[in-house]
Each structure stands twice: as structure tokens, then as C-alpha cells.
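Asker: Mind looking over this structure? Questions follow.
Every number in this text was worked out from the coordinates using simple rules, so none of it is lab data. Here the structure is a predicted model, which is why all the values come from computation and not from measurement. Here Cβ is always computed from backbone atoms with ideal geometry, including for glycine, and neighbour counts include all displayed protein chains.
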Amino acid sequence: MSVGLHVYHNSYIGVTKVRLNEGLIYTNDRCIGCNRCLSACPVIGANQAQLLEGKNRIYVDGERCIQCGQCLVTCRREAREYREGNENFFADEAQVLERQAKSVPLELPEEERQRIFADMHKVTLASQSIDCNACGMDTCAKMALAIYHGFNVKENCVCYTKDEYQRMLLTDRASGIANVNAYTHFVQERLDAGTAAEYVATNFNIKNFKLVNQLYGSDEGDRVLVKFARQVDEWMAADEMVARVGEDTFVAMVRRERMTAFTDFLAALPIELTNRDGMTEE
């Protein structure tokens, strides 16, 4: 069965209007997003990965497709079909090569390439050249090019997905800072290294935080919690740790020589509130 898909927006190059799966070759409902067709396709953008309801599916851009038939051959689930009446269309290799020669080359500004790599947590040269091909692209550079033009999604990168799962495991979803898992791991590392005595472990909370929720509402309470957590997190040195363990309670490992400065910082940290009339209070 033919499945039509319209893509209206790409975060890197702005609004686009692309009609997929309406050309000679199209993807049917058997597609599981294995990326084999992406690997086989000689033209970047002819096959495009899209996330639908959290599932990866590969669709065909009929305008970029050169009708070489490679995706039909490589697909193991018979998820690619072609319109009836075109049985002999793929036989003429010369026509395929001519269509490939006419395909428009794609550009990717270096600044955008680095921005995409940063979004994918690829901040080192080694991570930018893993080239595992799991996403369907030959290289990480081609993956960045495909993402920039809206032909692929970062969630299709297994390295990014692994990093995201790890980040989610160690991050408090409400505040955005480290959670108790990350804190426990941090403490254990110091214990194993024999440097735990160089730190002071402490816990603290936001004074009268329950009253904030009662008097100003839960939305304002959430905003205050997030702002407070991030301000404390920004104060921490690279070899220190603060984590939220629940409600308005936090734990921290601070270097011993900085502990006085830390308590002074907490005491002076203002809590700004916005009342139901939109007025700011402290």
C-alpha cells in the first residue's frame, strides 16, 4: 500500500514542503526502518528517514530518486514497490547513470555541520568519524549532510541514541541537573580514586518551598525549582557535583576548600517569585 507523507519543517534550513512516497518507487507498510535502502541508495536525499510515532521509516523522494532500483534489490522485507506498468523501467543502465549525473549536489556549511554534530553529542574529531553505517549513511559527515537537508534524523544514529539513554539515566527530568544515579556514580569514583576526603558531602533544600506551591501555584514552583537548580549547578566547579534527589532536596560534593564559599553562595542566592497578578517578589 502506498503511504503518502508531507514534510513541512526542518530545524536547520527552515520551512520546506516536500512530498514523499509519490514517485515511481514507494515504501509500503512493511518498512521497519532498518536503513538498508539508505545504504544502497547512490543519491543522498532520495531515501529519507522520518520518525513517525517514535518509529523510524524510510520514504522515497520521487524528485531526487534516479529509479536505479537498488533499494528494491536490497530490501529484505519487500517494503519497496514500484507503480504498475513500469516493469522495464530499470533495465536501461544508461538512463540510470544519466539521471544520477543530473542529480543536484548538496551543500553543508561548516558552521551548520558543527552545530549538527554538537546536537548529536559528537564534539570530538573521533566521534565525528565513527562511520559505523548503522544510520544508512557511509560516513558521519554524510549523516550530518542528510540531517541538514531533512533527509535523516539524529535519532537514527545509534551513537546518539546510546548517549541520550545514558544522559537520561543520569539526569533529573524536572530540573535538568544530575540525579541521584549520577551523584552516586560521582561519589563512587572519588572513593575508588582515594580522593573522597578532599570533598565535603552536604544536603540542602529551598526554604519554605511548599509555601511557594501553595501561594503561587505549582507552575511557579516548578520554575523556581529549575532556576535554583541550574544556578547552583553553574556555580559548581568541573570536579564537583550537585544533584536533585527529590522535591526541593539537593545533595552536593564540594571541594573542602570551597565549602565556606558554597554556603555563602546558597545563603545569598535570591529566590524571585511571580505572583498570580504577574508581579515579581523576592
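Asker: Could you check region 201-225 and list, in sequence order, the residues that are of a type in the set (A, V, I, L, M), under 15 Å from residue 178 (Cβ atoms) and surrounded by fewer than 16 Cβ atoms within 10 Å (Cβ to Cβ)?
Answerer: Within region 201-225, 201 is the sole residue that qualifies.
Asker: Just the residues that are assigned to a loop (DSSP other than H, G, I, E, B) and within 21 Å of residue 34 (Cβ to Cβ), please, taken from region 104-146.
Answerer: Scanning region 104-146 gives 120, 130, 131, 132, 133, 134, 135, 136, 137, 138, 139.
Asker: For region 120-142, what are the residues that are under 14 Å from residue 161 (Cα atoms) and of a type in the set (Ser, Thr, Tyr)?
Answerer: The one that is under 14 Å from residue 161 (Cα atoms) and of a type in the set (Ser, Thr, Tyr): 127.
Asker: For the list (1) of a type in the set (Lys, Arg); (2) over 26 Å from residue 48 (Cα atoms); (3) in contact (Cβ under 8 Å) with a residue 40 or more places away in the chain, I need the number of the one condition that residue 173 fails.
Answerer: (3)
Asker: Could we say that residue 188 is in a helix (DSSP H, G or I) and under 30 Å from residue 144 (Cα atoms) here?
Answerer: no
Asker: Somewhere in region 202-223, is a residue under 30 Å from residue 127 (Cα atoms), assigned to a helix (DSSP H, G or I) and under 32 Å from the mean Cα position of the chain (by Cα)?
Answerer: no
Asker: Mind counting the residues in region 20-61 that are under 21 Å from residue 145 (Cβ atoms), not in a loop (DSSP other than H, G, I, E, B) and not β-branched (Val, Ile, Thr)?
Answerer: 14
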